1. Under 5 Å between amide hydrogens, which residues at least 5 positions from B:I308 or on another chain qualify, with H placed 1.01 Å from N in the peptide plane?
2. Which three extents, in angstrom, do the Cα atoms of chain B have along their principal axes, listed largest first?
3. Can you tell me the convex hull volume per residue for region A:1-52, based on C-alpha atoms, in Å³ to the nearest whole number?
4. Of the listed peptides B:179-191, A:68-80, A:26-38, B:46-58, what is their order by residue-averaged count of other C-beta atoms within 10 Å, with the highest listed first?
5. Report the charge-dipole magnitude of the protein assembly as shown in Debye, nearest 20, computed about the Cα centre from +1 at each Lys and Arg Cβ and -1 at each Asp and Glu Cβ.
6. Using a ≥ b ≥ c from the Cα gyration tensor of region B:321-445 (square roots of the eigenvalues), is it rounded, prolate or oblate, where a/c under 1.5 gives rounded and otherwise the larger of a/b and b/c decides, a/b for prolate?
7. Out of the total accessible area of chain B (probe 1.4 Å, heavy atoms of protein only), what percent is carbon and sulfur?
8. Averaged over its residues, how many other protein chain Cβ atoms are within 10 Å of peptide B:83-90's Cβ atoms?
Amino acid sequence: MSTTLIMGLYVFVLGAFVGWQVLSKVPHLLHTPLMSATNAISGISLVGSLVAAGSDHDVMTTVLGSIAVTAATINVVGGFLITDRMLRMFKKRPEIVR
Amino acid sequence: MTELPIITFALLIAAVLFILSLRGLSNQESARRGNVFGMVGMAIAIGATLTIPGLSPHPLVIAAIVGGGALGGVLAARVGMTQMPELVALLHSFVGLAAVLVGFSVQLHAGPGGGHAIEHVEVFVDVLIGALTCTGSILAFLKLRGSVSGKPMLLPARHLFNLSMLLGSVAMGYLYVDSGALWPLLVGSAIACVLGVHLVAAIGGADMPVVVSMLNSYSGWTAAAAGFMLKNNLLIVTGALVGSSGAILSYIMCKAMNRSIWNVIFGGFGADPPKAAAGAPAAPQGEVQEIDNAGLATTLLESASVVIVPGYGMAVSRAQHAVRELCELLRAKGKLVRFAIHPVAGRLPGHMNVLMAEANVPYDIVLEMDEINDDLPATDVVIVIGANDIVNPAAEDDPTSPIAGMPVLQVWKSKLVVVNKRSRAAGYAGIDNPLFYKPNTKMLFGDAKGAIEKVVTELRARA
């Protein structure tokens, strides 16, 4: 029981540290795409929602789980696609010539 | 949840892909690839979860995936770049909502009094952070959309109110952990909902970039809390990654305004300055010099180097395409045209960069404050479009100014500054700006889009 929690904390601290290291030098240019992409990634709670909605079939749990799944899926799909749309717009100089 | 080793392994790969995704996103050249890594990681994670033995998704759940996916796709395809801040805020609220619902279904599954104390702590933390993120983000969404006034709501005893809500939720947490009953969880989440609204309500429009990045961070912590609750390491590591990424952005935003995060959250900045400015009209006021569209066109034709400073006003007026045309025309005449972006310009970190990219401005002439400030004294004309605080010399000269010490674009050091502002109404933009009264400043009044379009027409006519 408590070993699961300690393992979880272990993973959590290392994860936060890796995030901090990887992102300490992000150009301002990429702040918005970074935000929408991380938002999509935090839609990983979709996985949690799926487990919650699928682990048994009492009506209340399924309904709550399904709403959670809907919200998380919007997040994942919307977030990744909008990030891609934004990143496609960033272009270097030659393309401005008409 | 018993997992097959292969599923655990797949989830590990997904976690690695998310790290690679963030790494990719921290560099322009690799950003798109980074996003693709994220998508692949997500697909693996979902696929692996769906194959967990004993997990047979209800048809309703499948419908939810299909429906949610379609909705997300439509949203992503339709939303305008000007509305990005609202969209991001709205998406944050979904993460919070999902966490709250999952928390409640875990509680319902365990039944009243079921489960261990540690599990109760995890459920409680998950639901609380989720509820706070959800209502806070919804209010941020409404504020950014303009449905709710951007002015900060400052209750007289707001710190006391926050403190009592904090104590109230700790008490509920104690009761819930002790008993495992449903009601303290419900009351606790209700308190968190109110707290989320109250925290965001107290923050003014100018501080929205910090709020949005803070909510971004919360959405990550929420996912991590859900991971603890469900004993899912992938959720924990991913949540931690996103949480710290949002925290870094908030930190960068605060540094750009020379303020601490506590000052932003509890300071209620954004409402007081206009009152202070109105109460003390002893500011270095003087005559404002005007310039018209034709005059600006002439000036631009005579100059060799131009810097454009876009602000939130440009976004509101959707003037980015007109600005790009102006930029192209001038560049075609051999002039050096660059953009200067302040870190907190707009309502979302990096919002101006996205708008310029949408208008097809190449990103290598869009510079950050630190890159361009040294070049400003040698610049012939600086055009400020819909920006105010970020070019305010009071930040450097006047220690009593509310924005004293905030790093700003030193546009007044250039040979000529042209400020486009919607109206001449005094105090319109909050803090009084001595820039408007400088001898080398000229004002171009009018809506940004219309004003810039007229300058473009004027330039075309003379070509």
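1. Counting only residues 5 or more places away or on other chains, the set is B:R338, B:F339, B:A340, B:I383.
2. Reported extents, whole Å, longest axis first: 76, 48, 33.
3. Normalising the Cα hull of region A:1-52 by residue number yields 68 Å³.
4. Descending mean neighbour count gives A:68-80, A:26-38, B:179-191, B:46-58.
5. Using Cβ point charges on Lys, Arg, Asp and Glu, the protein assembly as shown gives about 1240 debye.
6. Prolate.
7. 64 percent
8. Counting Cβ atoms of other protein chains within 10 Å of each residue's Cβ and averaging gives 3.
The values are calculated or read from the model by the stated rules, or taken from the named source; none is laboratory data. These numbers come from a predicted model, not from an experiment. All Cβ positions, even for glycine, are placed from backbone atoms using ideal geometry, and neighbour counts span all protein chains on display. These accessible areas exclude ligands, DNA and RNA; they are computed on the full protein's heavy atoms, side chains included. Shrake-Rupley method; radii C 1.70, N 1.55, O 1.52, S 1.80 Å.
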